[in-house]
1. Where the only charges are on Cβ atoms (+1 Lys, Arg; -1 Asp, Glu), what is the dipole of the chain about its Cα centre, to the nearest 20 debye?
2. Using protein chains only and a probe of 1.4 angstrom, how many square angstrom of ASP17 are accessible, to the nearest 10?
3. Determine the gain in length on full extension of the stretch LEU54-HIS163; use 0.36 nm per residue of separation and subtract their C-alpha separation, reporting nm with one decimal.
4. Using a 1.4 Å probe on the protein heavy atoms, what percent of the accessible area of the chain belongs to carbon and sulfur?
5. Would you list, by chain and number, the lysines whose Cα falls below 27 Å from the Cα of LYS78, excluding same-chain residues fewer than 8 positions away?
6. Sorted from largest to smallest, which semi-axis lengths in Å does the alpha carbon gyration tensor of the chain give for its equivalent ellipsoid, taking the root of 5 times each eigenvalue?
7. Sort GLU106, GLU24 by heavy-atom solvent-accessible area, probe 1.4 angstrom, most to least.
8. At 0.36 nm per residue, and after removing the present C-alpha to C-alpha distance, how many nm does the segment from LYS121 to GLU24 gain when stretched out fully?
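The values are calculated or read from the model by the stated rules, or taken from the named source; none is laboratory data. Not measured: the values here are computed from a predicted model. Don't worry about glycine lacking a Cβ; one is built from the backbone with ideal geometry, like all the others, and counts go over all protein chains shown. These accessible areas exclude ligands, DNA and RNA; they are computed on the full protein's heavy atoms, side chains included. Shrake-Rupley method; radii C 1.70, N 1.55, O 1.52, S 1.80 Å.
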Amino acid sequence: MADSEKISKNIFRQTRDDLDLSREKASELLEFITPERLEKIESGKSPAHPEEVLMMSKKYKRPDLCNYYCSHECPIGKQYVPEIRMDNLPGIVLQMLASLNSMDKEKNRLIEITADGKIEKDELRDFVKIQKQLEKISVTVEALQLWAEKMLASGVIDMEEYHACVREDS
């Protein structure tokens, strides 16, 4: 397949191709999505509906499809949901630690700025800088969560054991 053809595929088509599924086999797996509907979604002729993306995410074992949909196709999500780029676990953790370390230096400044309940004009620049650093932390936390969901979906992490640990910590 030519590189230009690969580039033109949307994420839903690329994911199906990565799984080496025909449209018909994918439709069987996806239960309520017909091959014709799948073709419309994959070709961009019709937008995917949230429940279709949820099904693809679950059946393809690709939780990142939901983030893609929310950050690229949902009108509300485009404004409020950042795109989470999947990385390997060490990359995610190193990025998170770098963000946390830089925020550690700014926490006292954040307290100074917000202690009086308002942000003065001379505090605004620092506040925005800190806000951006907090957003980076938030994105890395989401990337870690997405990585864990992908490992759970693919069976790399045992789901029962994972949920037992979650209940233990609650």
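1. Computed about the Cα centre, the dipole is about 460 debye.
2. Accessible surface of ASP17 is approximately 40 Å².
3. So the extension gain works out to 37.2 nm.
4. Carbon with sulfur: 54 percent of the solvent-accessible area.
5. Qualifying lysines at Cα under 27 Å: LYS6, LYS9, LYS40, LYS45, LYS58, LYS59, LYS61, LYS129, LYS132, LYS136, LYS150.
6. For the chain, the semi-axes come out at 38, 21, 15 Å.
7. GLU24, GLU106
8. Result: 28.9 nm gained on full extension.
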